[in-house]
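What follows is a short report on a single structure.
Nothing in this text is a laboratory measurement; each read-out follows from the coordinates by a stated rule. The structure presented is a predicted model; accordingly, all values stated were derived computationally and were not measured. So basically every Cβ, Gly included, is an ideal-geometry build from the backbone, and we count neighbours across all protein chains shown.
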Amino acid sequence: MAEFNHVHSVTEMPEGDDAKCSFQNRMFLEPQEKKRSVKSLVVKQAKKSCSCTPAKVKDYVFSFFPVLQWLPKYKLREYLLGDIMSGVIVGVLLVPQSIAYSLLAGQEPIYGLYTSFFAGIIYFIFGTSRHISVGIFGVLCLMVGQVVDRELQRAGYDLEPDVLSVLTDTAGYVNTTISPVNRTSQKLLCDKSCYAITVGATVTFIAGIYQVAMGFFQVGFVSVYLSDSLLSGFVTGASFTILTSQAKYLLGLDIPRSSGIGSVIATWINIFRNIHKTNICDLITSFLCFLVLIPTKELNEHFKSKLKAPIPVELFVIVAATLASRFGKLRETYGSSVAGHIPTGFLPPSPPDWNLIPNVALDAIPIAIIGFAITVSLSEMFAKKHGYSVKANQEMYAIGFCNIIPSFFHCFTTSAALAKTLVKESTGCRTQMSGMLTSLVILLVLLVIAPLFYSLQKCVLAVITIVNLRGALRKFKDLPKMWYLSRVDTVIWIVTMASSALISTEIGLLVGVCFSMLCVIFRTQRPEAPLLGWVAESETYESLSAYKNLQTKPGIVVFRFEAPLYYINKECFKSTLYKQTGVNPVWVKTAKKKAAKRMLREKEVDSGGNETSISMDFVSEPLGFHTIVIDCCAVQFLDTAGICTLKEVCRDYREIDVQVLLAQCNPSVRSSLIRGEFFKEGEDHLLFHSVHQAVDFALGSQGHSGTSASK
């Protein structure tokens, strides 16, 4: 018997040495008995989930608060110096970036500092990665800023400044206990900055709820649909949108921020329409900042192996620019736009605006997915690099609470950021304590230094934001190498990048996910399906189109289908098999029937004619092979359509005296064949552990048939 598992049909064995050889080449496997009692599984899981013991409670608390595990084991002498150094350096770098990225999110600078402060403390408590830096991330700031701009317009903050000031002053005299006449006057009870952070905090709260829910229901698998090429293309495309949104600050233009589909193109049109209004002071300041920042950043990267810490050039630029603006009176003399008053201390906590949740619930979904996907991927990457493990589920909880809790303290969305994580790693970070020290640096700025940045020009912050996009924009240099490695990944990168930049970030992400899924479907719909040849002096069979000097066995065709066989590619399987073998059994059967009918008609008219002999020759024309061996090693699964297709192919070939053998089927495929009653079609459908065994069986059975025919 060559059948596996529950296949019990017995074939007639060849006699003599052939029978002995054939029997020895076969293998017998007894399947494991699988207990599939749904009731027992449910009861077992319920007992496991509902049981409560002191040990289980302790394990749950320690796993939910990882700080309780690693902090008591903290080695002061070994870890403290590296954590202090990395924490202080990242904090110094994070201060100017927090202020700059606040503009990107449509917020006042103080809220960026709040966000970075709270994110570091909360990740210190809930996070499992020792190296990632959680804080402001440019792409998420852009996505939050787009939602904020839309809601500001809906609330009436896109009105002319004079009208807006009148409404605000009037609203100031309205008793807050009295319901406003309309929605616009209600929103204007707090100014534009107040309402902007209310929208940002509400989006952040909902995104955090989504992330915690993903962790609770363990649906982190959705991140597998965000491949590296897709995420890279999305970040690069979003970088163009970020650059575009900051261009107006470089030129000192006061133009409305475009949002929605095609915002990049609309923004550049507005910029060129108002180019004559460029503030020369802001333009010169931007140019000088670029001259300082770009070369210094390049030197930092070039000599990062020799430098103990990167040069905090951004901080130096901000200090110098603030002093120049303050003592040069650039705002009063040239009309430069400055950061304005940055208060010290903390505002009292306030809940999100529950009435805004229906407006922003959908916008929070891509923000939540991008945030946790980047955080989990960076956590796993650095954990693998340094030889420790992280819990992906706990990371989703951590980043979720980094958004939920700070949303009550006037903060917006955070996630891990690659650039700051690399700095943190390279400066000696050993544990999560480094993030706490970073928060302490930001706390110092919040309590003491923040008001000193009043005169800082916004164009300087825009330059800092744009310079930090260099890493994403450099991905274009990697395109030739990516094309060489995988053309499909390159096309996914280009499509995601273009749609994110030219349409919108949210739609670009959706387009990228859908396109990458379509690529997977198309690759399984039209897979490789080569004929195989025998490698001499071995039991190996490889593709005839890929390798030279392969041999073929007479009368045997070996065919490999390199994809699952299911409803999408079933027709491709049949057409490719017919093309590779050169024989379509349906056509052969049809031709034989037509020839037989023609013979019958000709016999009735005139027997023994020339045409009749031609027809007889046609009917008995040999096919060139007697066996097809289908190598199923790359067929991961079969569905109902795939099983029916195999049945149909085997039946059609059997009717023209060609047997079909299956080899190297995995347990899932074998189980599907058994459940689909594949083996009831006839005794010629045999399964083999290897292609070599199937070929040997075919040669033996054909030799036995030839001997019997000669007798």
Label K579 and K277 with points 7 Å out from Cα along Cα→Cβ: what is the distance between them in nm? 6.0 nm
With the crude spin-label approximation of a point 7 Å out along Cα→Cβ, what separation in nm comes out for V586 versus R77? 8.1 nm
Computed lengthening from I284 to T552, 0.36 nm per intervening residue step minus Cα-Cα distance: 89.0 nm
Could you give me the percent of Cα pairs per 5 Å distance bin for region 298-357, shortest bin first, beginning at zero and ending with the bin that holds the maximum distance? 4, 12, 12, 12, 11, 11, 12, 14, 9, 3, 1
Hey, with R₀ at 30 Å, roughly what FRET efficiency would E301 and T344 work out to, going by the Cβ-Cβ distance, to 0.05? 0.30
Could you pull out every residue, at least 5 positions away or on a different chain, whose amide H is within less than 5 Å of the one on V134? Hs are placed 1.01 Å off N in the peptide plane, and Pro or chain starts have none. none
For A361 and I294 in one chain, what is 0.36 nm times their gap in residues minus the Cα-Cα distance, to one decimal in nm? 20.2 nm
Members of K597/K647; K304/K420; K58/K424; K248/K304 lying beyond 25 Å, as alpha-carbon distances in this model show: K597/K647; K58/K424; K248/K304
If R0 = 25 Å, then L600 and I656, at their Cβ-Cβ distance, give a FRET efficiency to the nearest 0.05 of 0.80
Taking R0 as 30 Å and r as the Cβ-Cβ distance between C514 and K477, the FRET efficiency 1/(1 + (r/R0)^6), rounded to the nearest 0.05, comes to 0.65
Cβ crowding within 10 Å averaged over residues, with 478-485, 529-536, 129-136 ranked highest first: 129-136, 529-536, 478-485
For labels at V61 and L447 in the simple 7 Å Cα→Cβ model, what's the distance in nm? 3.0 nm
Pulled fully out, how much extra length does the chain show between K593 and F522, if you take 0.36 nm times their separation in residues and subtract their Cα-Cα distance? 21.8 nm
Pull out a ≥ b ≥ c, the square roots of the eigenvalues of the alpha-carbon gyration tensor of region 258-345, then state rounded if a/c is under 1.5, prolate if not and a/b is larger than b/c, and oblate in the remaining case. oblate
